[in-house]
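Trainee: There's a structure below that I have some questions on.
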Amino acid sequence: MTQFDYDLFVIGAGSGGVRAARVSAGMGATVAIAEESRYGGTCVIRGCVPKKLMVYASAYSEMFEDARGYGWTVAEPSFDWAAMKTARDTEINRLEGIYRKMLGNSGVTMIDSRARLVDGHTVELADGKRVTAKTILIATGGRPALPSFEGVGHTIVSDDIFDIERQPDSILCVGGGYISLEFACVFHGLGTKVTVSNRSTLLRGYDGDVRAHLIEALEHKGIDIRLGVTPVKIEEKDGRKLVNFDDGSTVSVDTVLAATGRKPNTDGLGLEDAGIAMGRGGAIEVDEYSRTNVPSVYAIGDVTDRVQLTPVAIREGMAFAETVFNDNPTSPDHELIATAVFTQPEIGIIGLTEEDARKDHDVAIYRSTFRAMIHTLPDRQEKTLMKIIVDKASDRVLGVHIVGHHAGEMIQCAAIAVKMGATKADFDRTMAVHPTSAEELVTMREPVAEG
Ligand code: NDP
């Protein structure tokens with residue numbers, strides 16, 4: 001019988017890889033994990049977590065303004081980018097330490113090195129050393145995909161934001177997805193002048209009411225939104241960037257963020273040598289158990305380009321461990337995934353958009369737009385949107401869409417009901433929690449549209 005160095009070798013210590021390594025080790029497997037950068041991956045080091053800390057930092061500007069409406073006297077606030085950066089980086093270092101500690105405590109061998117596949121049971125480390133394993137798991141995540149136009153080298157990507165030493169006075173965020181819009185709101189809240197551009201609309205594929213509501217809210221804040229345009233050239237002059245769009249318009253800013261999607265991190269991984277099948281954009285092709293065409297090699301998370309979200313990668317990692325090391329074949333469930341976009345106002349969604357629901361269902365649409373109580377005394381005009389999409393035949397709730405304060409927190413709870421198959425009648429017989437914004441979810445009685 002062949003002797004391998006390990007039962008499992010994981011390439012990539014992001015959310016998915018770390019979870020798979022720890023759970024597999026807990027099931028008795030001998031496990032090694034290789035990471036060329038920092039433990040925690042995109043989410044912890046250069047994504048969700050430091051981004052959310054910056055969202056919190058940026059929200060204070062409106063809170064200082066609003067505090068006056070509640071009787072507070074607030075001195076002219078000022079923001080210290082360096083202080084925020086130091087505090088944020090300290091927290092990220094602490095979290096990385098926790099990731100390492102948890103792996104160590106689980107008995108996982110940590111290898112601080114790049115690793116590439118040689119064959120279905122062998123990886124090669126950066127120093128040329130080869131390690132063998134019965135099973136190899138690829139969890140190398142994704143990385144920003146840059147568009148191609150003249151002067152694109154003058155742009156930064158989301159990874160770079162966390163290294164910026166000086167707050168930009170103005171920024172153009174190119175792209176209409178999560179990353180562009182979340183950072184547009186962060187920078188606006190911190191006092192940077194923000195322009196957003198996208199070749200189509202914002203958040204394409206989202207419910208039309210959600211998109212319209214968000215665009216109006218961002219424009220009301222003073223964010224310059226340019227839709228239907230794409231940069232064709234960026235020139236650098238005296239430290240500023242002159243961005244030329246395809247409709248002849250321009251904008252001059254000191255920083256340009258390109259947030260035009262992410263691609264699977266598969267370059268130079270040796271996948272071709274090992275015969276691993278890849279699909280569109282270099283994504284590793286896997287079956288419902290995250291297994292590649294080479295039976296001893298599995299892949300989870302963004303590198304497979306199924307759903308690019310941290311909790312999904314974690315679930316895929318756990319399902320992998322269950323399947324391979326607990327003799328319990330388990331497919332990750334990709335149905336009805338709730339997500340939040342941490343724009344300001346925040347967005348929380350679960351299930352179908354009205355547009356998609358109408359393709360296959362006779363629907364009833366419930367919608368409410370209102371000013372949240374917190375905004376009344378400061379006289380902030382921001383509105384909350386809540387929308388429920390119901391299948392008329394079964395009364396089942398097909399989708400819930402929220403834009404407003406704490407939408408991310410609310411949608412997590414609504415998601416449990418929707419995942420359980422709740423009907424509109426179930427929502428209606430649930431007593432309201434008063435006074436909250438969330439109570440609107442259970443008090444919308446009359447549909448605004450049907451059919
Ligand atoms: P998205 O795919 O969400 O958005 C990409 C945007 O860039 C779209 O608006 C798209 O326009 C535009 N675009 C794509 N290609 C080009 C191009 N060649 N030239 C010009 N514009 C282009 O990607 P993000 O980078 O914002 O985020 C990547 C992923 O990360 C998300 O899908 C999400 O899953 C994850 N993420 C999740 C977060 C969360 O859960 N809160 C936060 C941040 C990221 P069009 O719409 O016209 O195609």
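The values are calculated or read from the model by the stated rules, or taken from the named source; none is laboratory data. Source: prediction; values computed, not measured. Ideal geometry is used to build each Cβ from the backbone, glycine not excepted, and the neighbour counts take in all protein chains shown. Calculation scope for accessible area: heavy atoms of the full protein, side chains included, ligands and nucleic acids excluded. Shrake-Rupley method; radii C 1.70, N 1.55, O 1.52, S 1.80 Å.
Trainee: Among (1) touching a residue at least 60 places away in the same chain (Cβ under 8 Å); (2) farther than 26 Å from residue 322 by Cβ, which single condition is residue 87 missing?
Mentor: (1) is the only condition that residue 87 fails.
Trainee: Also: Looking at the stretch 287-308, can you tell me whether even one residue there is more than 29 Å from residue 49 (Cα to Cα), modelled with pLDDT under 95 and more than 14 Å from the ligand (Cβ to nearest atom)?
Mentor: Within the stretch 287-308, not a single residue is more than 29 Å from residue 49 (Cα to Cα), modelled with pLDDT under 95 and more than 14 Å from the ligand (Cβ to nearest atom).
Trainee: While we're looking at this one, here's another question. Give me the pairs, please: first residue somewhere in the stretch 159-177 and more than 16 Å from the ligand (Cβ to nearest atom), second residue anywhere and outside any loop (DSSP other than H, G, I, E, B), beta-carbon distance under 6 Å, and either six or more positions apart or on two chains.
Mentor: Short answer, once both residue conditions are applied: 167/81; 168/255; 170/193; 170/253.
Trainee: Just to verify a result, which residue in the stretch 228-259, among those that are closer than 30 Å to residue 382 by Cβ and β-branched (Val, Ile, Thr), is surrounded by the most Cβ atoms within 10 Å (Cβ to Cβ)?
Mentor: 243
Trainee: List the pairs whose first member sits in the stretch 231-256 and is of a type in the set (S, T, N, Q), whose second member is part of a loop (DSSP other than H, G, I, E, B), and whose Cβ atoms are under 6 Å apart, counting only residues at least 6 apart or on separate chains?
Mentor: 255/168
Trainee: Can you pull out the strands (runs of 3 or more DSSP E) entirely within the stretch 129-227 that have at least 2 residues that are open to solvent by 50 Å² or more (accessible area, probe 1.4 Å)? Spell out how you get there, then give the answer.
Mentor: Values: elements: 130-138, 142-144, 170-174, 193-198, 224-227.
Filter on the stretch 129-227 gives 130-138, 224-227.
Trainee: When the stretch 178-193 is examined, which residues are found to be of a type outside the set (Gly, Ala, Ser) and either within 12 Å of the ligand (Cβ to nearest atom) or closer than 26 Å to residue 90 by Cβ (or both)? It would help to see each step written out before you state the result.
Mentor: Looking only at the stretch 178-193, we keep the residues that are of a type outside the set (Gly, Ala, Ser), and these are 178-179, 181-183, 185-188, 190, 192-193.
Correct list: 178, 179, 181, 182, 183, 185, 186, 187, 188, 190, 192.
Trainee: Looking at the stretch 327-341 only, could you name the residues that are assigned to a loop (DSSP other than H, G, I, E, B) and either in contact with a helix residue (DSSP H, G or I) (Cβ under 9 Å, 6 or more places away or on another chain) or of a type in the set (A, V, I, L, M) (or both)? Before you say what the answer is, go through the steps one by one.
Mentor: Of all residues in the stretch 327-341, those assigned to a loop (DSSP other than H, G, I, E, B) come to 327-338.
Hits for the stretch 327-341 are 328, 329, 330, 331, 332, 333, 334, 335, 336, 337, 338.
Trainee: I'd like the full set of residues that are away from the ligand (no atom under 16 Å from the Cβ) and either in contact with a Leu (Cβ under 6 Å, 6 or more places away or on another chain) or open to solvent by 30 Å² or more (accessible area, probe 1.4 Å) (or both), limited to the stretch 312-349. Break it down stepwise before answering.
Mentor: Restricting attention to the stretch 312-349, the residues satisfying the condition of being away from the ligand (no atom under 16 Å from the Cβ) are 317-331, 333, 335.
Answer for the stretch 312-349, where residues must be away from the ligand (no atom under 16 Å from the Cβ) and either in contact with a Leu (Cβ under 6 Å, 6 or more places away or on another chain) or open to solvent by 30 Å² or more (accessible area, probe 1.4 Å) (or both): 318, 322, 324, 325, 326, 327, 328, 329, 330, 331, 333, 335.
Trainee: Could you list, in sequence order, all residues of the stretch 406-434 that are open to solvent by 80 Å² or more (accessible area, probe 1.4 Å) and either within 18 Å of residue 340 (Cβ to Cβ) or not β-branched (Val, Ile, Thr) (or both)? Steps first, answer last, please.
Mentor: Filtering the stretch 406-434 down to residues open to solvent by 80 Å² or more (accessible area, probe 1.4 Å) leaves 406, 409, 412-413, 416, 419-420, 429, 431, 433-434.
Those that are open to solvent by 80 Å² or more (accessible area, probe 1.4 Å) and either within 18 Å of residue 340 (Cβ to Cβ) or not β-branched (Val, Ile, Thr) (or both): 406, 409, 412, 413, 416, 419, 420, 429, 431, 434.
Trainee: Continuing with this model, one more query. Filter the stretch 194-227 down to residues that are of a type in the set (Ser, Thr, Tyr) and more than 15 Å from the ligand (Cβ to nearest atom), then give me how many there are.
Mentor: Going residue by residue through the stretch 194-227, those that are of a type in the set (Ser, Thr, Tyr) are 195, 197, 200-201, 206.
The next check asks that each one be more than 15 Å from the ligand (Cβ to nearest atom); those that pass are none.
Result for the stretch 194-227: 0.
Trainee: Being open to solvent by 70 Å² or more (accessible area, probe 1.4 Å), under 15 Å from residue 12 (Cβ atoms) and acidic (Asp, Glu) is the filter here; which residues of the stretch 93-128 pass it?
Mentor: Scanning the stretch 93-128 gives a single hit, 112.
Trainee: Against the condition touching a Ser or Thr at 6+ places or on another chain (Cβ under 6 Å) and either open to solvent by less than 80 Å² (accessible area, probe 1.4 Å) or in contact (Cβ under 8 Å) with a residue 40 or more places away in the chain (or both), how does residue 383 come out, does it pass?
Mentor: Values: touching a Ser or Thr at 6+ places or on another chain (Cβ under 6 Å): yes; either open to solvent by less than 80 Å² (accessible area, probe 1.4 Å) or in contact (Cβ under 8 Å) with a residue 40 or more places away in the chain (or both): yes.
So residue 383 fits the description; yes.
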